[in-house]
Amino acid sequence: MNGLQRMMSDIEMEVNLTRHLIGKDALDERVMAAIKQVPRHEFLPEDLRYLAYNNGPAPIGLGQTISQPYIVALMSDLLETKPTGTILEVGTGSGYQAAVLSKLVKQVYSLEIIEELSIKAQKRLEKLGYNNITVRTGDGHFGWIEHSPYDGIIVTAAAAEIPHSLIDQLRAGARLVIPVGLPYDYQELMLIEKMANGKTLSRKILGVSFVPMTGGYGRKTKGLAGRSHE
Ligand code: SAH
């Protein structure tokens, strides 16, 4: 079995282990196909590429991390993407999650608060030929109003509370997937659905550990992104 195949079966195994929390035995086939198509090693620093197909997070510099593949797959699944959709991502990091989403929707907009990472991710995505992803340096607490409303919003850093702007910029019927909790403490991956009347329905999915959202209401600290607790 090669690295990618092993990673795919590790994701399937972890989905199965967490089936009671996530409410399904398997993720959407479109999502699994998208994960399979994205060369994760391209998103890691060269000296860490040997970790690319492990089902774990990895450091990408500046105290930030590329999320665990299982979490990337799960969050992509929870968004219930459609090929015609437009998604906003908060926390571009390496650009890996954005690349996976770009296979599932028409257009991905991604915000990264650290300029150095945002420029690097933008260059990387361009070089790899992902031409339906637009990356910008900015604070995701305020969303990205110009391209709203979105058919889904994904936040890949832990928020102390759910930013109102993100709910505002969500289309009715669309979903926000976001880890909520204290930095380096317990965080819940939350699924928020915006109803036709503008009200929201929230569901807790499972405990996770993401680097904190900075800017808006957060603080600057370090840690691992997207590592699930079993
Ligand atoms: N999705 C990334 C991993 C995310 S790590 C990937 O696939 O590689 C979380 C990222 O969120 C970090 O790069 C961090 O700098 C960024 N971030 C933290 N707070 C943010 C904010 N308020 N707005 C936008 N990005 C933020």
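When the criteria are applied in full, residue 163 meets the requirement of being farther than 23 Å from residue 22 by Cα, open to solvent by less than 10 Å² (accessible area, probe 1.4 Å) and modelled with pLDDT of 95 or more.
Within the stretch 55-64, identify whether any single residue is over 20 Å from residue 208 (Cβ atoms) and surrounded by fewer than 19 Cβ atoms within 10 Å (Cβ to Cβ), and answer yes or no. Steps first, please.
Initially, the stretch 55-64 is screened for residues over 20 Å from residue 208 (Cβ atoms), giving 61-62.
Next cut, surrounded by fewer than 19 Cβ atoms within 10 Å (Cβ to Cβ) only: 61-62.
Yes.
Would you say residue 23 is open to solvent by 60 Å² or more (accessible area, probe 1.4 Å), within 17 Å of residue 206 (Cβ to Cβ) and among the small types (Gly, Ala, Ser)? Yes.
Restricting 5, 97 to those that are assigned to a helix (DSSP H, G or I) and crowded, with 16+ Cβ neighbours inside 10 Å reduces the list to 97.
Report yes if some residue within the stretch 63-81 is on the phi > 0 side of the Ramachandran plot and either out of contact with any Phe, Trp or Tyr (no Cβ under 9 Å at 6 or more places or on another chain) or near the ligand (Cβ under 9 Å from one of its atoms) (or both); otherwise report no. Yes, the stretch 63-81 has at least one match. Applying the selection to the stretch 188-202, what residues are assigned to a strand (DSSP E or B) and farther than 18 Å from residue 73 by Cα? Within the stretch 188-202, 193, 194, 200, 201, 202 qualify.
Within the stretch 95-114, if we keep just the residues that are more than 10 Å from the chain's Cα centre (by Cα) and near the ligand (Cβ under 7 Å from one of its atoms), the residue that is farthest from residue 214 (Cα to Cα) turns out to be 111. Between 215, 207, the distinction of being modelled with pLDDT of 90 or more, part of a loop (DSSP other than H, G, I, E, B) and either open to solvent by less than 90 Å² (accessible area, probe 1.4 Å) or in contact with a helix residue (DSSP H, G or I) (Cβ under 6 Å, 6 or more places away or on another chain) (or both) belongs to 215 only. Going residue by residue through the stretch 135-158, is there one that turns out to be more than 12 Å from the ligand (Cβ to nearest atom), under 28 Å from residue 4 (Cβ atoms), free of Cβ contacts under 8 Å to residues at least 12 places away in the same chain and out of contact with any Ser or Thr (no Cβ under 9 Å at 6 or more places or on another chain)? Checked against the condition, which is being more than 12 Å from the ligand (Cβ to nearest atom), under 28 Å from residue 4 (Cβ atoms), free of Cβ contacts under 8 Å to residues at least 12 places away in the same chain and out of contact with any Ser or Thr (no Cβ under 9 Å at 6 or more places or on another chain), the stretch 135-158 yields no hits at all.
The values are calculated or read from the model by the stated rules, or taken from the named source; none is laboratory data. Not measured: the values here are computed from a predicted model. Because the Cβ atoms are built from the backbone with ideal geometry, glycine has one as well, and the counts that use them run over all protein chains shown. For accessibility, only protein heavy atoms count, side chains too; no ligands or nucleic acids. Shrake-Rupley method; radii C 1.70, N 1.55, O 1.52, S 1.80 Å.
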